[in-house]
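We did not get these values from a lab; they are worked out from the coordinates using the rules stated. Only a predicted model underlies this, so the values are computations on that prediction, with no experimental measurement involved. Counting neighbours? That spans all protein chains shown, and the Cβs are built from the backbone with ideal geometry, glycine included.
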Amino acid sequence: MHKTTAIYPGSFDPPTNGHLDLIERGSKIFDELIVAILRNPDKDPLFNVSERVAMLEALTGQYSNVRVDTFDGLTVDYADKVGASSVLRGIRALSDYEYELQMALMNRKLRPELETVFMMPAEKYSYLSSRLVREVAKLGGSVKGLVPELVEQHLRGKLDPAFKLEEFRAQDARSESRKSRARKKA
Ligand code: PNS
């Protein structure tokens with residue numbers, strides 16, 4: 001039987017519960033779903049590409065038909081390279097529609113055989129975006145329930161100097177106790 005592969009391209013800076021909701025939905029309708037992170041040297045991201053790959057891999061580990069990859073250049077060329085027949089994108093509200101329509105039609109112009117499939121995330125995530133998560137987290141607001149706990153921890157690690165100091169101290173204490181155990185053994 002013909003296998004359907006879809007790519008889910010995006011920035012994922014950081015991944016949100018809305019992204020994960022869409023990944024779960026996509027994993028149910030495609031045989032294989034590739035979460036494709038755009039490597040975009042023009043942007044100044046909060047998380048570098050390796051950090052985003054690591055987070056998304058940890059967060060999608062339970063889906064056997066989902067994998068995480070990175071790409072640059074045109075989405076349509078990447079889709080062709082990995083043998084994908086569809087591009088999955090989420091539409092939250094009417095405001096997404098115009099931009100998504102433009103992208104879908106431009107991608108269709110570039111590669112007519114590639115279909116864009118839109119899915120709607122759960123309505124509780126309809127106002128959620130990575131940009132707002134970054135802004136709220138940077139300004140000290142809570143993003144609980146908007147991003148997975150793992151992402152929350154990474155945000156705290158990145159943005160909260162006190163948290164970084166605590167982490168550093170904990171790491172330091174762990175390495176000290178390893179050293180003292182080694183000294184006792186010697
Ligand atoms: O999560 P985002 O930032 O909304 O994702 C946008 C993305 C990565 C899907 C879009 O910028 C993209 O496809 N970029 C790759 C370059 C490309 O193909 N441009 C033409 C698309 S019409």
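At a glance:
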{"item": "Ala58 versus Lys144: modelled label distance in nm, points set 7 Å from Cα along the beta carbon direction", "result": "2.0 nm"}
{"item": "Residue with peak Gaussian network fluctuation, the chain [Cα springs, cutoff 10 Å], from Leu128, Leu88, Leu101", "result": "Leu101"}
{"item": "Globularity ratio of the stretch 51-173, using Cα Rg and 2.2 N^0.38 Å", "result": "1.32"}
{"item": "Cleavage-rule hits (trypsin sites (Lys or Arg not before Pro)) in the stretch 40-102: DSSP loop, at most 11 neighbouring Cβ within 10 angstrom", "result": "Lys43"}
{"item": "Packing-based order for 140-150, 12-22, using average beta carbon neighbours within 10 Å, highest first", "result": "12-22, 140-150"}
{"item": "Net charge dipole size for the chain [Lys, Arg +1 and Asp, Glu -1 on Cβ; Debye, nearest 20]", "result": "1060 debye"}
{"item": "Distance in nm between pseudo-label sites at Tyr99 and Ala122 (7 Å out along the Cβ direction from Cα)", "result": "2.4 nm"}
{"item": "Charge-dipole axis of the chain as Lys and Arg at +1 and Asp and Glu at -1 on Cβ define it, positive-most pick from Ser64, Ser180, Leu146", "result": "Ser180"}
{"item": "The stretch 1-41: trypsin sites (Lys or Arg not before Pro) in DSSP coil with no more than 16 other Cβ atoms inside 10 Å", "result": "Lys3, Arg39"}
{"item": "Sparsely packed GluC sites (Glu not before Pro) within the stretch 70-123, loop by DSSP, other Cβ within 10 Å at most 15", "result": "Glu113"}
